Every structure is written in structure tokens, then in C-alpha cells.
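**Student:** Here's a structure for you.
Any read-out appearing in this document is the output of simple, stated calculations on the displayed coordinates, not a laboratory observation. Worth saying up front: this structure is predicted, and the values here are computed from it rather than measured. Quick reminder, even Gly has a Cβ in these numbers, built from the backbone with ideal geometry, and neighbours come from all protein chains shown.
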């Protein structure tokens, strides 16, 4: 996508990248708070009936982003990544391919490495919300899509909006 006032400056490759874009009726400041404060991220981060039971955020480039998600049948997913870009109330980028301090992550590479960018742009009284998941290869992108990227990230966004309205 070409850079404009409301478009990301990331060149989207449909073979490697997944995109979710919505306009939501909460301001960027509340969306940002929901994404960057652990106690505000945990209630909405994964689609129910899954729950985020732990969250660590060191909100700076090179800082840790870790969540522990638990499923209804006792499954768990512990994900640790590294923030790459932090632009308050505008842009948040992290990757599962790196650990905090930009250390390569063998586990992140074995799983399904991706880099995620959340872009927030004011739109009226709300926010144009763009989530981009960039993958290393087509297989990883297809796997993420088959896991339900659009449905799952869309449902999590609905939960974020419901939660953020009360902030």
C-alpha cells in the first residue's frame, strides 16, 4: 500500500501478508491504551472462549511483548516477541522472530514467525484500525489464514472496542 494520511506505508504482498482494516468507534488514545497496558490487553486479546492469562509489556523498541493464552480444553500458547516500533497512539510493531533485545528466537522461527503492525489513524470521533501480519513465506501466511486470522483478529478487535469504551 502506498503511504497516505490513512494508509500504512508497508508494501503489502498478498502472498505473504494478512490485513484487517476497520473503522471503530473509539478514539486512538483508548485503542492504544488497550494495546499497551497489560491489565487492559488481557481482557480482550484473544477470541473467547480463549483467555489471555498473563501479559508482559516493555513498551520500547527492543522491549518484550509476551502473552500466555489458554484455551477452553486446557490448551496454552505462550508467545514472546520483541517490539520493533512504538509510536504512541499511531503505530505499534512487534515480531515473534526476535526475543527482547533483538535476540533471534529459535522457538519463534519453529512456530510461525510473523511481524505484526497495528496502525491507528483518527477518523471522525473514532479510529481507522489497520492490523498487518507479515510472514516469512507463503506457507506461514496460508497457515495463519487457515488458523482464522480474519475471524480471530476481527473478534479480538470487537472485544477490544467493547472493552475500550469503558476506559
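**Student:** Looking at residue 85 and the list (1) farther than 24 Å from residue 136 by Cβ; (2) surrounded by fewer than 17 Cβ atoms within 10 Å (Cβ to Cβ); (3) free of Cβ contacts under 8 Å to residues at least 40 places away in the same chain, which single condition is not satisfied?
**Tutor:** If we test residue 85 against (1) farther than 24 Å from residue 136 by Cβ; (2) surrounded by fewer than 17 Cβ atoms within 10 Å (Cβ to Cβ); (3) free of Cβ contacts under 8 Å to residues at least 40 places away in the same chain, just (1) comes out false.
**Student:** Let me ask something else. Kindly indicate the residue of the range 51-71 that is outside any strand (DSSP E or B) and either in contact (Cβ under 8 Å) with a residue 24 or more places away in the chain or at positive phi (or both) and also surrounded by the most Cβ atoms within 10 Å (Cβ to Cβ) among those meeting that condition.
**Tutor:** Among those that are outside any strand (DSSP E or B) and either in contact (Cβ under 8 Å) with a residue 24 or more places away in the chain or at positive phi (or both), it is 63.
**Student:** Would you check which residues across the range 99-154 are closer than 20 Å to residue 29 by Cα and not in a strand (DSSP E or B) and list them?
**Tutor:** 124, 125, 153, 154
**Student:** Separate question: Might you check whether a residue that is within 20 Å of residue 40 (Cα to Cα) and free of Cβ contacts under 8 Å to residues at least 40 places away in the same chain occurs anywhere in the range 150-165?
**Tutor:** Scanning the range 150-165 turns up at least one residue that is within 20 Å of residue 40 (Cα to Cα) and free of Cβ contacts under 8 Å to residues at least 40 places away in the same chain.
**Student:** For the range 5-50, enumerate the residues that are surrounded by fewer than 17 Cβ atoms within 10 Å (Cβ to Cβ), under 30 Å from residue 74 (Cα atoms) and in contact with a strand residue (DSSP E or B) (Cβ under 6 Å, 6 or more places away or on another chain).
**Tutor:** Correct list: 38 only.
**Student:** How many of the residues making up the range 90-101 are surrounded by 13 or more Cβ atoms within 10 Å (Cβ to Cβ) and more than 18 Å from the chain's Cα centre (by Cα)? Steps first, answer last, please.
**Tutor:** Looking only at the range 90-101, we keep the residues that are surrounded by 13 or more Cβ atoms within 10 Å (Cβ to Cβ), and these are 90-100.
Adding the requirement that they be more than 18 Å from the chain's Cα centre (by Cα) leaves none.
Number of matching residues: 0.
**Student:** How many residues are part of a loop (DSSP other than H, G, I, E, B) and within 18 Å of residue 37 (Cβ to Cβ) when one looks only at the range 83-98?
**Tutor:** Looking only at the range 83-98, we keep the residues that are part of a loop (DSSP other than H, G, I, E, B), and these are 88-90, 96-97.
Pick out the ones that are also within 18 Å of residue 37 (Cβ to Cβ) and you get 88-90.
Residues meeting the conditions: 3.
**Student:** Next question. Do we find a residue being in a loop (DSSP other than H, G, I, E, B), under 18 Å from residue 45 (Cβ atoms) and without any contact (Cβ under 8 Å) to a residue 12 or more places away in the chain anywhere in the range 72-82?
**Tutor:** Scanning the range 72-82 turns up at least one residue that is in a loop (DSSP other than H, G, I, E, B), under 18 Å from residue 45 (Cβ atoms) and without any contact (Cβ under 8 Å) to a residue 12 or more places away in the chain.
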